[in-house]
Amino acid sequence: MNTDLRLNRRQEELIAIVQREGFVAVDELATHFDVAPQTIRRDLNLLADGGLIRRYHGGVSAPSSIENVAYAARQTLQAAEKNRIAQAIARHIPDGSSLFINLGTTNEGVGRALLEHRDLRIITNNLNIAILLSDNPTFEVIVAGGVVRGRDHGVTGEATIELIRQFKVDYGIIGISGIELDGTLLDFDFHEVRVAQTIIDHSRQVFLGADHTKIGRNAMVRLGDFSRVDAWFTDKTPPEPLIPVLDAAGTQLHIAE
């Protein structure tokens, strides 16, 4: 698997189309982008090698609903959009706040965006974020114990949950892998979902950072729905069916354009 991916705009849009449609023929993609089928096939080979799609004869489908894309590849996907989302979330966190930050590449962007703040108290199960935020001498960073995942330096397990339960913080910042049009929030790892659910239960406000490519993406573990989320920070206006869902849940929508 090639995890050192640098995708162009066509390739990123191609991934979004496949996630939305489920299965797309090569000829349809060539027509949509107005390029030769050979060009699309080169894109598809690159994306399949990176685990971002699955190739079949004559077409492609979304990746597995039971396994997430490799972490290094996720770091390069929608990087500019994730950075805008992270900056928007950071602007809503006042100095002197307490917060949870869980796993995900968008949340690591939030960590970077928070470095100019002062006097934050952060509890995290993401070792990458803990190391990053420890550079600010006004921060107190608490790392949740548990089992460390080598692929992304996330920490999960019963010890992680028990540590989180000792706190009630101002803000819980969570990520997600998939959002269905009925507002269901999905992820790939049952252990990670249990940690996120505990963070939600012990936060006064819950902020979700998720770009538009998460909409319609399949994952097998249900985290909850938007009734558990106070504010969703994303990069594009969501599809029309999601708007009344957000209204009914009372979830504020912030578009980081």
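Annotations for the structure displayed:
- H191, sole failed condition from (1) outside any helix (DSSP H, G or I); (2) farther than 24 Å from D230 by Cβ: (1)
- Of all residues in segment 138-150, those that are more than 15 Å from D189 (Cα to Cα) have Cβ atoms under 6 Å from Cβ atoms of residues that are of a type in the set (K, R) and surrounded by fewer than 16 Cβ atoms within 10 Å (Cβ to Cβ), 6 or more apart or on another chain, in T138/R118; E140/R121.
- Meets criteria (within 30 Å of I200 (Cβ to Cβ), crowded, with 20+ Cβ neighbours inside 10 Å and at pLDDT below 90) for Q19: yes
- Those residues of segment 130-142 which are among the β-branched types (V, I, T) and surrounded by 19 or more Cβ atoms within 10 Å (Cβ to Cβ), in sequence order: V141
- Total residues in segment 202-256, condition part of a strand (DSSP E or B) and more than 23 Å from G22 (Cα to Cα): 14
- Cβ separations smaller than 8 Å between residues 6+ apart or across chains give the following pairs from segment 197-219 residues that are in contact (Cβ under 8 Å) with a residue 24 or more places away in the chain to residues that are open to solvent by 40 Å² or more (accessible area, probe 1.4 Å) and small (G, A, S): N218/S65; A219/S65.
- Any chance F233 is within 22 Å of I93 (Cβ to Cβ), over 14 Å from the mean Cα position of the chain (by Cα) and either modelled with pLDDT of 95 or more or not basic (K, R) (or both): no
- Taken over segment 246-257, the criterion of being open to solvent by 40 Å² or more (accessible area, probe 1.4 Å) and modelled with pLDDT of 95 or more is satisfied by D247, A248, G250, Q252, L253, H254, I255.
- Some residue of segment 173-182 being within 16 Å of the chain's Cα centre (by Cα) and over 16 Å from L103 (Cα atoms): yes
- Entry remark, segment 200-223: residues being at pLDDT 95 or above, open to solvent by 20 Å² or more (accessible area, probe 1.4 Å) and touching a helix residue (DSSP H, G or I) at 6+ places or on another chain (Cβ under 7 Å) number 1 in total.
- Looking at segment 35-129, the helices (runs of 4 or more DSSP H) lying wholly inside it that each contain 2 or more residues that are modelled with pLDDT of 95 or more and open to solvent by 40 Å² or more (accessible area, probe 1.4 Å) sit at 79-91.
The values are calculated or read from the model by the stated rules, or taken from the named source; none is laboratory data. Please read these numbers as outputs of a predicted model, since none were measured by experiment. Virtual Cβ from ideal backbone geometry, glycine too; neighbours counted across all protein chains shown. With ligands, DNA and RNA removed, areas are computed over all heavy atoms of the protein, side chains included. Shrake-Rupley method; radii C 1.70, N 1.55, O 1.52, S 1.80 Å.
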